[in-house]
Each structure stands twice: as C-alpha cells, then as structure tokens.
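Here's the structure we're looking at; comments come further down.
The values are calculated or read from the model by the stated rules, or taken from the named source; none is laboratory data. Everything quoted here is computed from the prediction, not taken from an experiment. Glycine gets a Cβ as well: all are built from the backbone with ideal geometry, and neighbour counts include every protein chain shown.
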Amino acid sequence: MGYSYGYYALERAKREKRRAISTFFRYCPLCYMGNAVRCKVHSVGGKDYAICSRCGASWHVYFGFTGGLKWAKLEKENHGGKGREHLGMEHEPEFWSKLAFEGRADLEEKRTIVRETEIVREIVKIRCQFCGNLYNESIDRCPYCGGHRR
C-alpha cells in the first residue's frame with residue numbers, strides 16, 4: 001500500500017510540474033509558436049526541461065520546494081540562433097512568458113498589414129449600327145447580331 005501511495009504522489013508532482021510549464025510556456029519565447037513547448041520532468045532529482053518541438057530551444061526549469069516554477073534557464077538556443085543573448089541566464093517564468101507574448105503581438109501586427117490597391121478600369125460601350133445594342137469597345141463584332149464595327 002505504501003508503494004502505490006508514493007507512486008501516485010510522484011505522478012501528481014509530475015502533473016503539477018507539467019501544468020506549471022504549460023502555464024508559463026504556452027507559447028515558445030523564441031519562435032512564438034503555441035503549444036510547441038514540451039516537458040521532460042523527473043519526479044525526484046534530475047533536471048527538468050522545457051523543450052520547443054518547433055525550434056529546438058530548451059530550458060532547464062527549476063521548481064522550488066513548494067512545487068512552483070522558480071526560474072528557467074535557456075540552455076540551447078533555437079535553430080536560427082535566436083535567444084543567444086539569454087543563454088545560461090536564469091530568468092523568472094514571467095520573463096519568458098512576457099517575451100513570448102510580446103513576440104506574438106509583433107507577429108500579429110505584421111500579419112495584419114494589408115495593402116490596398118484600387119484598380120480603376122474604364123469601360124467604354126458603343127452602340128451597334130445594325131441592331132442598336134450596346135457592347136464593349138474592345139470587341140470588333142457585335143455580340144448580339146455579329147455586325148462589324150466601322
């Protein structure tokens with residue numbers, strides 16, 4: 001009975017760690033992709049990691065004795081070299097979350113830029129001398145009666 005209780009307590013601790021990581025790493029702070037950061041957590045001892053499946057960046061995450069996420073340290077930059085300035089630095093989880101949301105806002109702003117082009121085209125109609133119907137000037141024959149234009 002003691003074994004099963006210990007097992008469930010460890011599994012609950014893992015779930016809480018995953019929940020904390022998904023809260024602060026909802027979007028990757030480097031590539032801004034949502035739901036891309038995966039957890040590699042250990043129940044007791046060992047390093048816990050948050051790894052972006054899209055850009056390859058990885059953070060060593062540290063949990064305090066109360067179970068809350070205390071800090072995350074970028075250990076590997078993304079494939080494009082983004083995040084190099086934060087390598088090896090321990091930042092609070094709010095820092096990484098803020099970085100991700102600011103990056104997402106910049107992406108959204110770039111996506112919403114719309115170019116407006118107005119095309120003005122003049123259509124000149126002429127009257128057929130044979131049947132009297134109007135048709136486009138660009139056509140050589142009347143589409144109604146087939147008469148030639150002069």
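Here are the numbers:
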| quantity | calculated |
| --- | --- |
| Condition broken by ILE126, with the remaining ones in (1) in a strand (DSSP E or B); (2) within 15 Å of PHE25 (Cα to Cα) satisfied | (2) |
| Count of region 6-28 residues which are in a helix (DSSP H, G or I) and within 27 Å of the chain's Cα centre (by Cα) | 11 |
| Count - residues of region 77-107 that are part of a helix (DSSP H, G or I) and polar (S, T, N, Q) | 1 |
| GLU90 vs. criteria at pLDDT below 90, surrounded by fewer than 16 Cβ atoms within 10 Å (Cβ to Cβ) and either out of contact with any His (no Cβ under 6 Å at 6 or more places or on another chain) or among the aliphatic types (A, V, I, L, M) (or both) | no |
| Any hit, region 57-64, residues being without any contact (Cβ under 8 Å) to a residue 12 or more places away in the chain, part of a helix (DSSP H, G or I), within 16 Å of PHE24 (Cβ to Cβ) and in the same structural domain as SER22 (by TED's automatic domain parsing) | no |
| Residue among CYS39, CYS31 that is touching a helix residue (DSSP H, G or I) at 6+ places or on another chain (Cβ under 6 Å) and outside any helix (DSSP H, G or I) | CYS39 |
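Conditions tested, residue by residue: (1) surrounded by fewer than 19 Cβ atoms within 10 Å (Cβ to Cβ); (2) of a type in the set (D, E, K, R); (3) farther than 29 Å from ARG104 by Cα.
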{"site": "GLU16", "(1), (2), (3)": "yes, yes, no"}
{"site": "PHE24", "(1), (2), (3)": "no, no, no"}
{"site": "ALA36", "(1), (2), (3)": "yes, no, no"}
{"site": "ALA50", "(1), (2), (3)": "no, no, no"}
